[in-house]
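Novice: Dumping the structure here so I can ask a few things about it.
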Amino acid sequence: MNENLFASFATPTMMGLPIVILIIMFPSILFPSPNRLINNRLISIQQWLVQLTSKQMMAIHNSKGQTWTLMLMSLILFIGSTNLLGLLPHSFTPTTQLSMNLGMAIPLWAGTVFMGFRHKTKAALAHFLPQGTPIFLIPMVVIIETISLFIQPVALAVRLTANITAGHLLMHLIGGATLALMSISPSTALITFIILILLTILEFAVAMIQAYVFTLLVSLYLHDNT
């Protein structure tokens, strides 16, 4: 119980050098590319899930938006696998770092916005001033719409960081309480242990849902600008 509550969120190092790059690259080896005429069950399930997700997410896009399919599918696989690996004991979850999430959100958001200004200039500018706005409210509405536009990547990153961090902290607290109660009240420790198991199952769902939500919001931003 004397361990720092935020120790698990510190960037791991080896011989004084940060190894976060190796950790970020590690999930890529979990998705092998098919190199046989007949795939095994694991690769078949993997391809089926990717195709199902891509069809559902890219159905609303036109031909310009569908060019982002590979990037969006790579994004959801990376975030989902990283979140799931972070639930393993003594592991590190890169998506709990706001800097990393901003590093993903800002370039993707900027790409969709630049595409909108390039291909739909009038429509992109029209978002800053909704139709029917009174003349005396035009400056205020333009400022508000500009702020709402620039806050989109921040909201993307903060949403992912907050959800993953909150789940890890709650699991850490309940796990510590379970260990402390084992010598005091075994019956109460059993109850908290059951709660911890249920919370772990919920965190597995949250890890996948947050990957889907992050990618879906990027997809919606892309749809609005293509």
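The values are calculated or read from the model by the stated rules, or taken from the named source; none is laboratory data. Nothing here was measured: the structure is a model prediction, and the numbers come from that model. All Cβ positions, glycine included, derive from the backbone under ideal geometry; neighbour counts span all protein chains shown. Only protein heavy atoms, including side chains, enter the accessible area calculation; ligands, DNA and RNA are left aside. Shrake-Rupley method; radii C 1.70, N 1.55, O 1.52, S 1.80 Å.
Novice: From L220, L173, which residue is surrounded by fewer than 17 Cβ atoms within 10 Å (Cβ to Cβ), closer than 19 Å to M104 by Cβ and over 14 Å from the mean Cα position of the chain (by Cα)? Break it down stepwise before answering.
Specialist: On the way: L173 fails: closer than 19 Å to M104 by Cβ.
Step by step, each of L220, L173 is checked, and only L220 is surrounded by fewer than 17 Cβ atoms within 10 Å (Cβ to Cβ), closer than 19 Å to M104 by Cβ and over 14 Å from the mean Cα position of the chain (by Cα).
Novice: Cβ-Cβ under 6 Å, sequence separation 6+ or interchain: first residue in the range 171-186 and without any contact (Cβ under 8 Å) to a residue 12 or more places away in the chain, partner open to solvent by less than 30 Å² (accessible area, probe 1.4 Å) and assigned to a helix (DSSP H, G or I). Which pairs?
Specialist: Matching pairs, first to second residue: L181/A189; M182/A189.
Novice: Take I76 and decide whether it is under 19 Å from L199 (Cα atoms), in contact (Cβ under 8 Å) with a residue 60 or more places away in the chain and of a type in the set (A, V, I, L, M).
Specialist: In short, no.
Novice: Can E145 be described as open to solvent by less than 30 Å² (accessible area, probe 1.4 Å) and among the acidic types (D, E)?
Specialist: Spelling it out, it is not the case that E145 is open to solvent by less than 30 Å² (accessible area, probe 1.4 Å) and among the acidic types (D, E).
Novice: Which fully enclosed helices (runs of 4 or more DSSP H) of the range 19-128 have 2 or more residues being among the polar types (S, T, N, Q), open to solvent by less than 60 Å² (accessible area, probe 1.4 Å) and within 22 Å of A162 (Cβ to Cβ)?
Specialist: Output list reads 69-85.
Novice: Checking the conditions here, which among L222, L160, L216, L199 is over 18 Å from N83 (Cα atoms) and in a helix (DSSP H, G or I)? Walk me through it before giving the result.
Specialist: Details: L160 fails: over 18 Å from N83 (Cα atoms); L216 fails: over 18 Å from N83 (Cα atoms); L199 fails: over 18 Å from N83 (Cα atoms).
Answer to the check: L222.
Novice: What residue, of L87, L156, is of a type in the set (A, V, I, L, M), within 22 Å of L222 (Cβ to Cβ) and within 17 Å of the chain's Cα centre (by Cα)?
Specialist: Of the residues listed, the single one that is of a type in the set (A, V, I, L, M), within 22 Å of L222 (Cβ to Cβ) and within 17 Å of the chain's Cα centre (by Cα) is L156.
Novice: Right, here's the next one. Quick one: which residue in T165, T146 is over 17 Å from the mean Cα position of the chain (by Cα) and assigned to a helix (DSSP H, G or I)?
Specialist: T146
Novice: Sticking with this structure for a sec: Scan the range 176-199 residue by residue and report those that are under 26 Å from L49 (Cα atoms) and surrounded by 15 or more Cβ atoms within 10 Å (Cβ to Cβ).
Specialist: L199
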